Amino acid sequence: RLEAMYCGKPVLAPLHGGSKDLITEGEEGFFVDPENPQQTLGYLRFLCEDRGRNAAMGRKARKRIENGFLWEQVVRRIEEAFRTAL
């Protein structure tokens, strides 16, 4: 998911694990139920048919990654956590 978002693509993600911390429903992508392929198909169809919305969500996804998930930022947060702990 991170890679797709970095490439400016909206994502479809299951609502478990780290996905709920990664995207905001309807902003950078959609949450899907892996047991409901019709729902997934519906979101895919929506994104294919509404190219403007697809592009806007992709831009938001890219910005989300740039603002909090680039390697340098992750390393900086880890370093800060270690400094605080010591």
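For the reader, a short list of remarks on this structure follows.
- Dividing the summed -39500 (n - 2.57) terms of all DSSP H runs of n ≥ 4 by the residue count of the chain sets its mean residue ellipticity at 222 nm at -18500 deg cm²/dmol.
- Candidates Arg59, Arg76, Arg51: whichever shows maximal mean-square fluctuation once the chain is modelled as a Gaussian network with Cα springs under 10 Å: Arg76
- Accessible-area composition of region 35-86, carbon plus sulfur, in percent [1.4 Å probe]: 56
- The chain, relative contact order [Cα under 8 Å, separation at least 6], %: 35
- A viscosity of 0.692 mPa s and a temperature of 37 °C, combined with the Kirkwood radius over C-alpha pairs in the Stokes-Einstein formula, give the chain a diffusion coefficient of 236 µm²/s.
- Computed from phi, the 3J(HN,Hα) profile of region 43-53 under the Karplus parametrisation 6.51, -1.76, 1.60 (θ = phi - 60°) reads 5, 4, 4, 4, 5, 6, 7, 10, 5, x, 5 Hz, with x in place of Gly and Pro.
- Rounded to 10°, Cα long-axis angle of helix 71-85 versus longest principal axis of the chain: 40
- Placing dummy labels 7 Å off each Cα toward the beta-carbon, the span from Tyr43 to Val74 is 2.2 nm.
- Rounded accessible area per residue of the chain, 1.4 Å, Å²: 71
- Given charges at Cβ of Lys, Arg, Asp, Glu: the chain dipole, positive-most of Thr40, Gly52, Val11: Gly52
- Residues whose amide H lies under 5 Å from that of Val32, counting only those 5 or more places away or on a different chain, are Ala13, Leu15; hydrogens are built 1.01 Å from N in the peptide plane.
- Normalised contact order of region 1-49, rounded percent, pairs of Cα under 8 Å and 6 or more residues apart: 30
- Calculated FRET value between Ala85 and Ser19, using beta carbons and R₀ = 25 Å, to 0.05: 0.35
The values are calculated or read from the model by the stated rules, or taken from the named source; none is laboratory data. Not measured: the values here are computed from a predicted model. Using ideal geometry, Cβ is built from the backbone for each residue, glycine included, and neighbour counts are taken over all protein chains shown. The accessibility values were calculated without ligands, DNA or RNA, using every heavy atom of the protein model including side chains. Shrake-Rupley method; radii C 1.70, N 1.55, O 1.52, S 1.80 Å.
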